[in-house]
Amino acid sequence: MGFRYRARYAAQTLELTGWVENEDDGSVTLEVQGDPEKFLRLFAMIQKSDYIQIAGIRQKDLPPDPWERGFSVKGY
């Protein structure tokens, strides 16, 4: 299972909403919404794989989206 699908599984498990998408430069954009206490657990769950390595995280706080439901994988 790839990064995006592990991210979706982890987010759903932790009851977080948002989306994940591959970028043209090989990086991945992950927008997650919910309890900030769960964010580190999310990244730990995603990285719990021999072939996924998170080399760096850039964080940006965004206003919550009150209409967001679930967690999706973009850019199939």
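Each value in this text was obtained by applying a stated rule to the coordinates, not by laboratory testing. These numbers come from a predicted model, not from an experiment. Cβ coordinates were reconstructed from backbone atoms using ideal geometry, including for glycine residues, and neighbour counts include every protein chain displayed.
With a cut-off of 13 Å on the backbone N, the residues of segment 32-76 near the modelled label site 7 Å out from residue 25 along Cα-Cβ are 56-58.
Against the chain, whose longest principal axis is taken from its Cα atoms, helix 3-13 shows a tilt of about 40°.
Debye-formula intensities of segment 3-74, expressed as log10 I(q)/I(0) at q = 0.20, 0.23, 0.27 Å⁻¹, are -0.84, -1.13, -1.54 (one equal scatterer per alpha-carbon, no solvent).
Pairwise Cα separations in segment 34-76 fall into 10 Å bins from 0 onward with the following percentages, short to long: 18, 48, 31, 3.
Based solely on its DSSP helices, what 222 nm [θ] is calculated for the chain when runs of n ≥ 4 H residues each add -39,500 (n - 2.57) and the sum is averaged over all residues, nearest 500 deg cm²/dmol?
Numbers: 2 runs with 20 residues, N = 76.
Mean residue ellipticity, 222 nm, calculated: -7500 deg cm²/dmol.
What is the dipole size for segment 3-74, taken about its Cα centre, with +1 at each Lys and Arg Cβ and -1 at each Asp and Glu Cβ, in debye to the nearest 20?
On the way: 10 positive and 12 negative charges, 52 e Å.
So the dipole magnitude of segment 3-74 works out to roughly 240 debye.
Using a basic spin-label model with each label point 7 Å from the Cα along Cα→Cβ, how many nm lie between residue 62 and residue 40? The answer from the label model is 2.4 nm.
Rounded to the nearest 5, the antiparallel percentage of DSSP beta bridges internal to the chain is 60%.
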